[in-house]
Amino acid sequence: LGRNYTYNEERGVYKTADGGKNWEKILYISEKIGVVELVMDPSDNQTLYAVTWERDRKAWNNVIAGKGSGIYKTTDGGLTWIHSLNISENTGAVDVEFDPRDQDIRYAAAYQRRRSVWALLAGGEDSGIYKSTDAGETWREVTNGLPTGDMGKIDIAVSPLDPDVVYATIEANQEDRGFYRSLNSGE
């Protein structure tokens, strides 16, 4: 990620301006929402994306569902954050990827998941791939050619040699799960 930012699962996202001597908390959502990934925009070290979802640790406390999961974005090095991608109370984000050719294009993988004392929801209709063409300000789901039923966890990769090629591994039913490839930027 870079030497100026770190994530401590217990306490949030921290930033240093003096080579690690002092750290300042710049993002904390709640005790039950954890940051899966912290990604710095390759073209601007002040723009960060915090990929978040509900953690299992508090599952047995019967707390409310994961309001606050998704993707958070800052463009000022963490002074202010917007909840850029918010799908549902049971759906968080597990991955965000950049198009290396076009700095406005982002891809995100969403995973519908909820654990409670009595059940585990691992996948559902809100799992999917989302695309932004305005640097993560707004998102839309891309579905053409992807499984039409419930999906589970998804991983995304953008080809650095040809960014029109986007790969995804998708958990789904026996017939639809597997490795997917788009030749037109996820469309």
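The values are calculated or read from the model by the stated rules, or taken from the named source; none is laboratory data. Predicted model only: the values in this text are computed from it and were never measured. No Cβ is skipped: glycine too gets one built from the backbone with ideal geometry, and neighbour counts run over all protein chains shown. Heavy atoms of the whole protein, side chains included, go into the accessibility calculation; ligands, DNA and RNA do not. Shrake-Rupley method; radii C 1.70, N 1.55, O 1.52, S 1.80 Å.
Observations
- From the options 148, 138, 80, residue that is over 24 Å from residue 40 (Cβ atoms), without any contact (Cβ under 8 Å) to a residue 60 or more places away in the chain, among the polar types (S, T, N, Q) and open to solvent by 20 Å² or more (accessible area, probe 1.4 Å): 148
- Residue 19 fulfils the conditions (1) modelled with pLDDT of 80 or more; (2) in contact with an Asp or Glu (Cβ under 6 Å, 6 or more places away or on another chain); (3) part of a loop (DSSP other than H, G, I, E, B) except for a single criterion, (2).
- Among residues of the range 22-54 being under 23 Å from residue 88 (Cβ atoms) and among the small types (Gly, Ala, Ser), the one that is modelled with the highest pLDDT is 50.
- Among residues of the range 90-100, those that are open to solvent by 10 Å² or more (accessible area, probe 1.4 Å) and either out of contact with any strand residue (DSSP E or B) (no Cβ under 9 Å at 6 or more places or on another chain) or of a type in the set (A, V, I, L, M, F, W, C) (or both), counted: 2
- Beta carbons closer than 9 Å, at least 6 apart along the sequence or on distinct chains, pair a first residue in the range 155-175 that is farther than 22 Å from residue 132 by Cβ with a second that is of a type in the set (Gly, Ala, Ser) and open to solvent by 50 Å² or more (accessible area, probe 1.4 Å) for 171/122.
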